[in-house]
Amino acid sequence: REENLALATYSDLTGAITSWMYARADIAANADDFIDLAEANINYGIEDPMTKEVVKLRCRDMETTTEITPDAEGHATLPTDFLEWRQVTSTDNPRRNLDLVAPSYSENRYGYRESDLPEHFDIVGTELRVYPVSTTIIELIYYAKVAALSSTNTTNWLFTKFPNIYLDGCIYHASKWLRNSPEDTLYFQSEFIKGIRSLSETDKASRWARAGTLSSGQRP
């Protein structure tokens, strides 16, 4: 759900957190912590206590495209805001999509690290590694972290479009910090999860509702 709350900037959010949590002075001093924790849940997930499902935000506004260049060993550093890959394409002529494999498969099949046109990739730590080894530029489409709010980065796309998700997340963590009743904390948590799930599912529906065929590769 998208709501027209009076929230436009980081300072609006910190003020709202204080206001919703009984206007306690100590809340304001910890507002940055609540924002950071909510953003971690948005990017990496939060467990729904009812279903035990880990709910995380994935939508088109998080998608970005960049080019990365493997070194002589076929290793390329992932972007610092990388969360999950959507598509990995070798820019050889003709271009082609690469398939994800497990590191154990890479070791078994490409143990000699021969060089050729890449067919597969794996991800280990902060690196994407292509097999066979190649230095061809790789086009990477991926989900990027929601840019963190701060006093110097006062807004981002999610806060502009769905301030309720931010506020619900911050209030949930503030409620835990205040040791509010379990019922109150669970309510705020459920509202936060509901907002994340609703945006993800709405985005998925709008992306695939009229799709007549399934493309190869990773599905959302």
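If only residues of the stretch 1-14 that are surrounded by fewer than 16 Cβ atoms within 10 Å (Cβ to Cβ) and over 22 Å from the mean Cα position of the chain (by Cα) are counted, the one that is farthest from Asn164 (Cα to Cα) is Ser11.
Results for (1) without any contact (Cβ under 8 Å) to a residue 12 or more places away in the chain; (2) open to solvent by 80 Å² or more (accessible area, probe 1.4 Å), shown as yes or no for each residue.
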{"site": "Ile27", "(1), (2)": "no, no"}
{"site": "Phe34", "(1), (2)": "no, no"}
{"site": "Ile42", "(1), (2)": "no, no"}
{"site": "Gly45", "(1), (2)": "yes, no"}
{"site": "Glu67", "(1), (2)": "no, yes"}
{"site": "Asp71", "(1), (2)": "no, no"}
{"site": "His75", "(1), (2)": "no, no"}
{"site": "Arg86", "(1), (2)": "no, no"}
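For the stretch 139-155, taking the residues that are among the small types (Gly, Ala, Ser) and surrounded by 15 or more Cβ atoms within 10 Å (Cβ to Cβ), the one that is farthest from Leu7 (Cα to Cα) is identified as Ala144.
Quick one: which residue in Ser200, Ser206 is open to solvent by less than 50 Å² (accessible area, probe 1.4 Å), part of a helix (DSSP H, G or I) and modelled with pLDDT under 95?
On inspection, the qualifying residue turns out to be Ser200.
Could you please give the count of residues in the stretch 156-166 that are open to solvent by less than 30 Å² (accessible area, probe 1.4 Å) and not in a loop (DSSP other than H, G, I, E, B)? Residues flagged as open to solvent by less than 30 Å² (accessible area, probe 1.4 Å) and not in a loop (DSSP other than H, G, I, E, B) within the stretch 156-166 amount to 6. Inside the stretch 167-183, residues that are of a type in the set (Asp, Glu) and open to solvent by 80 Å² or more (accessible area, probe 1.4 Å) make up a count of 1.
Residue count for the stretch 122-138, restricted to those that are open to solvent by 40 Å² or more (accessible area, probe 1.4 Å) and among the acidic types (Asp, Glu): 1. Is there a residue in the stretch 142-155 that is closer than 24 Å to Ser104 by Cα and part of a strand (DSSP E or B)? Scanning the stretch 142-155 turns up at least one residue that is closer than 24 Å to Ser104 by Cα and part of a strand (DSSP E or B).
For Ile193, state whether it is out of contact with any helix residue (DSSP H, G or I) (no Cβ under 6 Å at 6 or more places or on another chain), β-branched (Val, Ile, Thr) and either touching a residue at least 24 places away in the same chain (Cβ under 8 Å) or open to solvent by less than 20 Å² (accessible area, probe 1.4 Å) (or both). Against the criterion (out of contact with any helix residue (DSSP H, G or I) (no Cβ under 6 Å at 6 or more places or on another chain), β-branched (Val, Ile, Thr) and either touching a residue at least 24 places away in the same chain (Cβ under 8 Å) or open to solvent by less than 20 Å² (accessible area, probe 1.4 Å) (or both)), Ile193 qualifies. Annotation: of all residues in the stretch 47-64 being among the basic types (Lys, Arg) and open to solvent by 60 Å² or more (accessible area, probe 1.4 Å), the one that is farthest from the chain's Cα centre (by Cα) is Lys52.
Scanning the stretch 126-144 for residues that are closer than 18 Å to Glu114 by Cα and among the polar types (S, T, N, Q) yields Ser134, Thr135, Thr136. Cβ-Cβ distance below 6 Å, separation of 6 or more or different chains: which pairs start in the stretch 101-122 with a residue that is of a type in the set (D, E, K, R) and end on one that is in a loop (DSSP other than H, G, I, E, B)? Between residues of the stretch 101-122 that are of a type in the set (D, E, K, R) and residues that are in a loop (DSSP other than H, G, I, E, B), the close pairs are Glu114/Pro132; Asp116/Pro132; Asp122/Val101.
The values are calculated or read from the model by the stated rules, or taken from the named source; none is laboratory data. These numbers come from a predicted model, not from an experiment. Here Cβ is always computed from backbone atoms with ideal geometry, including for glycine, and neighbour counts include all displayed protein chains. SASA here: full protein model, heavy atoms, side chains in, ligands and nucleic acids out. Shrake-Rupley method; radii C 1.70, N 1.55, O 1.52, S 1.80 Å.
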